[in-house]
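A.B. asks: The structure is given below, and queries will be raised subsequently.
Any read-out appearing in this document is the output of simple, stated calculations on the displayed coordinates, not a laboratory observation. Remember, it's a predicted structure, so these values are computed and weren't measured experimentally. Ideal geometry is used to build each Cβ from the backbone, glycine not excepted, and the neighbour counts take in all protein chains shown.
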Amino acid sequence: MHVIGTAGHIDHGKSTLVYRLTGIDPDRLAEEKRRGMTIELGFAWLRLPSGREASIIDVPGHERFIRHMLAGVGGIDVALLVVASDEGVMPQTREHLDILDLLGVSCGVVALTKCDLVDADWLDLVRDDVRLALLGTTLESAPLIACSAITGAGLDELLAALDSALDAARPHPDRGRPHLPIDRVFTLAGFGTVVTGTLLDGALSVGQEVEIAPRGLRARIRGLQSHKTKIERAEPGRRVAVNLAGISFDELQRGDVLALPGALSPTVRLDAHLRTVGNLDAPLTHNMPVTVHLGSAEVAARLSLLDKQELESDQQGWVQLRLAEPIAAAHGDRFIVRRPSPSATLAGGVVVDDHPLRHRRFVPRVLRHLEIAAAGTPEDRVLDALGGANFLTLDEVAGRANLTSADATAMLDHLVAAGRAVRAGAFYCGMAYWRDMARQIGETLSAFHLRQPLRRGLPSEELRVRLKLAPEVWAAVAPIMEAEGIVRLLNDLVALPDHEPRFTPQQERVAAAIRESLASQPYAPPSVEALPGVESAILDALADRGEIVGIAPGVYLGRAAYDEMVAASLQSIDARGSVTVAMLRDRFQTSRKYALALLEHLDDQRITRRVGDARVRGSRSLSRT
Ligand SMILES: Nc1nc2c(ncn2[C@@H]2O[C@H](COP(=O)(O)OP(=O)(O)OP(=O)(O)O)[C@@H](O)[C@H]2O)c(=O)[nH]1
Ligand SMILES: [Mg+2]
C-alpha cells in the first residue's frame, strides 16, 4: 500500500484532478465548496491500471494553509506535483517542491493540468520552465504529463505514470514499531473517537492496546477502516481510520502519534542534520525562533547551530532544536523548518538523536557523536552509545544506537567477546569506563588499607556510593571485579585481594591481653575496653577476623564462647520449642545481663525471634558473620 500526495500552487487544479481520477471529491468542507479552494487535507483513493490500490492525500495550495499541507506530506510515497499549463511555475509550486525535496520524496509525477487552455508552443515553454524548476531536486527525473481534468486528455498517461512511480517507491518497512501520526480527529455517532493517518513501521490490529504520544494516554483499538472498508489488521503504508475506545476526541489533536504503549517517549530536544533551501532571503542564525513540522505535528522551537556561525542558502549543518512543547519523534524522522513570520520554508532535516543532552556549540566530540549517530555502522553506534561513564541496559543501548533489541544484543555479544565492552548482569559499559572504574576501585582501596591497616576491608556500600553506581548495578559488577582479581569480597566488605590486616607488635600484645581476658570468663566476659592500650581499631580488627563478636555496645564474646552459646540456644529451640534468658543464664552460669544481650543480638540478626518471654527461630538461618 502506498500514498500519493498532491502538491502545487493554489488553483492549479489539484482537487479537480483528484476528483476526476478517483470519483471522490477531496474538498469535503462547506467552506471549501463556498470559496472554491482547498483549506484542509482531503482524502481519496483509486485503483490504478495495474490493479493496485493507492491512497491520495490532496493538499491546499494557498500559502496560508501550508501548515495543513505539511501535516499531510510527511507520510507520502509518491508526489503528484500539479502545475497549471496556463500559469506555469508559481511561488507555491517552488515551495512545495522545496518541501518534497527536503523530505526526500524522490518518486513523483508532474501533471501539467489545464492543457485544454493552452496551445502546443505555450505548453513547450511551460515544460522547459518546469524542468528548470525540478533541476537538482529529488524529482529531477519525474515525467511531465500534459493533461486536462475537463477534457480528460492525458489522464490515461498520467495514471500509467503514477503506476510506474509506485513501482519505484520503496516498500514500507515493518520494524514492529507501528506508529501513526494523527492528521484528523473526529467523533462518529455510535462509534466515538476516530483518528486517521498513514500507518508507518509496523502493523495494527483490532483489540490492541495503544498509547497516544506525547500525551501518554492509553486507549484500545475498537475498529479499523481503510478506504471506508472495515479491516481487522492494517499493514504499514496504509491510510487508516482508527476507532478508539477509552479516550475522548477532545483529548487528542493533529500532531499526536498513535503507537504501542511505551514505544515513543516525548522529547523537547532533537539533534539533527539540517539542509537549507536554495533561496533564503537571510542566513539562518544561532538561536533563531522557528517552527518545526514533523510527522503531522507542528511545534515552535529555537534553532541552535552546532557547527556553523550561520547557515546560508543551500548549506548543511548540525543543529539542535529546542522545542517549546514535547513531541513524539524518533531517530531518522524527517522534518521541515519554517520561519513563522513572515512565513517561509527555510530548511529540512533528519533527526539523528531524539533524546540528546544540551550541547555547547563547536565541540568536536559532540560533532563526532552526531556523525556516528547519523552515518556510523551499527558497531560504531553501539560503541558510541557505550562511550559514557555509566552502565546502560540493553534497551538503552538499542535506543541510542537505533537498533532493534535483537541486533543490539548480537552487537553487544560480539563487542563483549572482543573485549571492547563489558557485560555485568543486565548492564553494559564500554571498556574504557570499565578500566577506569577498576583503577578507581584500586586507588580507593589502597588508600583505605593505608589509613586503616587493621580493617579487613571497606564497607561495600561506601565504595558503591563513591563509584555512583545503583545498588543493582554494583551487585552485578562486584562479582566480576572479584573474578578479574581487582577486589576480594568479604560479605559486606571489599578489600584488595592481597590485603591482610596486620597488627604492630604493640597492638599484638594488646590483642593477646583481650583474648586472655575473654578466655578467663568466657560466658560473663569482663569489659575489654578498660584494658590498657585498647583502641577501637584493634577491637574492629579482631571482630573483622571473627575472633571476637560484639553482642552489645562494649560487650564482646570470644568466638568459641559465642558459637557455643548460639548453638545451645538453637538446640534448646529445636528440642524444646524455645529458649529463654533464664535457661541460657543457668546453662552457662552467667548473669541475666549477658544472656539477654546475646538473645537480643540474635533477634537483631533475625536468627531468633522473640515471642513473649521466649525466643523461637527467626527468619534467617545461622551463617557465620
Ligand atoms: N480548463 C480547466 N480548468 C480546470 C482544470 N482543472 C481544474 N480547473 C479549474 O481550476 C480551478 C481550480 O481548481 P482546483 O482543483 O480547485 O484547484 P486546486 O489546485 O485544488 O486549488 P487549491 O486546493 O485551492 O490549491 C477550478 O475552477 C477548476 O474547475 C482543467 O484541467 N482545465
Ligand atoms: Mg484543491
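A.B. asks: Identify, among 24, 612, 295, the residue whose Cα sits farthest towards the positive end of the charge dipole of the chain, taking +1 on the Cβ of Lys and Arg and -1 on the Cβ of Asp and Glu, with the dipole about the Cα centre.
C.D. replies: Among 24, 612, 295, the one farthest towards the positive end of the dipole of the chain is 612.
A.B. asks: Return the distance in nm (one decimal) between the two label points of a simple spin-label model at residue 395 and residue 592, each offset 7 Å from Cα along Cα→Cβ.
C.D. replies: 5.8 nm
A.B. asks: Another question about this same structure. Against the longest alpha carbon principal axis of the chain, how many degrees, from 0 to 90 and to the nearest 10, is the axis of helix 471-483 turned?
C.D. replies: That works out to roughly 70 degrees.
A.B. asks: Could you compute Rg(Cα) / (2.2 N^0.38 Å) for the chain, with N its residue count? Numbers along the way, then the final one.
C.D. replies: Values: Rg = 37.1 Å, N = 625, 2.2 N^0.38 = 25.4 Å.
Computed over Cα atoms of the chain, the ratio equals 1.46.
A.B. asks: Just to verify a number: FRET efficiency for residue 482 and residue 604, C-beta to C-beta distance, R0 = 25 Å, to 0.05? Please report the intermediate quantities before stating the final value.
C.D. replies: Numbers: r = 28 Å, r/R0 = 1.13.
FRET efficiency, residue 482 to residue 604: 0.35.
A.B. asks: Let me ask another. Using 0.36 nm times the number of residues separating residue 281 and residue 228, minus their current alpha carbon distance, what extension gain do you get? Mind showing how you got there, number by number?
C.D. replies: Values: separation 53, 0.36 × 53 = 19.08 nm, distance 4.48 nm.
Extra length available between residue 281 and residue 228 comes to 14.6 nm.
A.B. asks: Then there's this: With +1 on each Lys and Arg Cβ and -1 on each Asp and Glu Cβ, and nothing else charged, work out how big the dipole of the stretch 227-314 is about its Cα centre, in Debye to the nearest 20.
C.D. replies: Working: 10 positive and 12 negative charges, 97 e Å.
Dipole size: approximately 460 debye.
A.B. asks: Next question. Each residue of the stretch 534-544 in order: what ³J(HN,Hα) in whole Hz does its phi give by Karplus 6.51 cos²θ - 1.76 cosθ + 1.60, θ = phi - 60°, with x for Gly and Pro?
C.D. replies: Going residue by residue, I get 6, 10, 4, 4, 5, 4, 4, 5, 5, 5, 4 Hz, with x marking Gly and Pro.
A.B. asks: Can I ask one more? Fewest to most neighbouring Cβ within 10 Å: what's the order for 162, 29, 303, 260?
C.D. replies: Working: 162 27, 29 12, 303 23, 260 17.
In increasing order of surrounding Cβ atoms, one gets 29, 260, 303, 162.
A.B. asks: Moving on. Expressed as a rounded percentage, what relative contact order does the chain have, with Cα pairs under 8 Å and six or more residues apart?
C.D. replies: Working: 1253 pairs, mean separation 44.3, N = 625.
Contact order relative to length: 7 percent.
A.B. asks: Want the number for residue 574 to residue 265: 0.36 nm per residue separation, take away the alpha-carbon distance, what's left?
C.D. replies: Full extension of this stretch gives 105.5 nm more.
A.B. asks: In whole angstrom, how long is each semi-axis of the equivalent ellipsoid of the stretch 521-625, when you take the square root of 5 times every eigenvalue of its Cα gyration tensor and sort them from largest down? Please report the intermediate quantities before stating the final value.
C.D. replies: On the way: eigenvalues 122, 44, 24 Å².
Listed largest to smallest, the semi-axes of the stretch 521-625 are 25, 15, 11 Å.
A.B. asks: What dipole magnitude, in Debye to the nearest 20, does the chain give about its Cα centre under +1 on Lys/Arg Cβ and -1 on Asp/Glu Cβ?
C.D. replies: Details: 71 positive and 80 negative charges, 554 e Å.
Roughly 2660 debye, rounded to the nearest 20.
A.B. asks: Between residue 35 and residue 461, 0.36 nm times their residue separation minus their Cα-Cα distance comes to what? Before the final figure, lay out the partial values.
C.D. replies: Numbers: separation 426, 0.36 × 426 = 153.36 nm, distance 7.33 nm.
Gain in length upon complete extension: 146.0 nm.
A.B. asks: Ordered by residue, what ³J(HN,Hα) values in Hz, to whole numbers, does the stretch 43-48 give under the Karplus form 6.51 cos²θ - 1.76 cosθ + 1.60, where θ = phi - 60° and Gly and Pro are x?
C.D. replies: 10, 8, 8, 8, 9, 8
A.B. asks: Further, regarding this structure: Where Rh is the Kirkwood radius over the Cα pairs of the stretch 329-439, the temperature 25 °C and the viscosity 0.890 mPa s, what D in µm²/s does Stokes-Einstein return?
C.D. replies: Working: Rh = 15.4 Å.
It diffuses with D of about 159 µm²/s by this estimate.
A.B. asks: Once every DSSP H run of n ≥ 4 in the chain is given -39500 (n - 2.57) and the sum is divided by its residues, what mean residue ellipticity at 222 nm do you get, rounded to the nearest 500 deg cm²/dmol? Can you show the working numbers first?
C.D. replies: Details: 18 runs with 211 residues, N = 625.
For the chain, the value works out to -10500 deg cm²/dmol.
A.B. asks: How much of the DSSP bridge set in the chain is antiparallel, in percent, rounded to the nearest 5?
C.D. replies: On the way: 98 of 116 bridges.
If I count the DSSP bridges inside the chain, around 85 percent turn out antiparallel.
A.B. asks: Can you list the residues, at least 5 places off or on another chain, whose amide H is less than 5 Å from the amide H of residue 490, using H built in the peptide plane?
C.D. replies: It is 495, by chain and number.
A.B. asks: Based on the Cβ-Cβ distance from residue 535 to residue 491, what FRET efficiency comes out when R0 is 30 Å, to the nearest 0.05? Write out the running numbers ahead of the final one.
C.D. replies: Details: r = 24 Å, r/R0 = 0.79.
The formula returns an efficiency of 0.80 here.
A.B. asks: Let me ask you something else. Could you list 609, 592, 360 so that the one with the fewest beta carbons within 10 Å of its beta carbon is first and the one with the most is last? If you can, show how the numbers build up before the last one.
C.D. replies: Details: 609 15, 592 11, 360 8.
Listed from fewest to most nearby Cβ atoms, that is 360, 592, 609.
A.B. asks: How would you rank 565, 90, going from fewest to most other Cβ atoms within 10 Å of each one's own Cβ?
C.D. replies: On the way: 565 24, 90 16.
Ordered from fewest to most neighbouring Cβ atoms within 10 Å, 565, 90 come out as 90, 565.
A.B. asks: A further question on this structure: To the nearest 0.05, how large is the calculated FRET efficiency for residue 362 and residue 435 if R₀ is 30 Å and r is the Cβ-Cβ distance? If you can, show how the numbers build up before the last one.
C.D. replies: Numbers: r = 30 Å, r/R0 = 0.99.
In this case the efficiency is close to 0.50.
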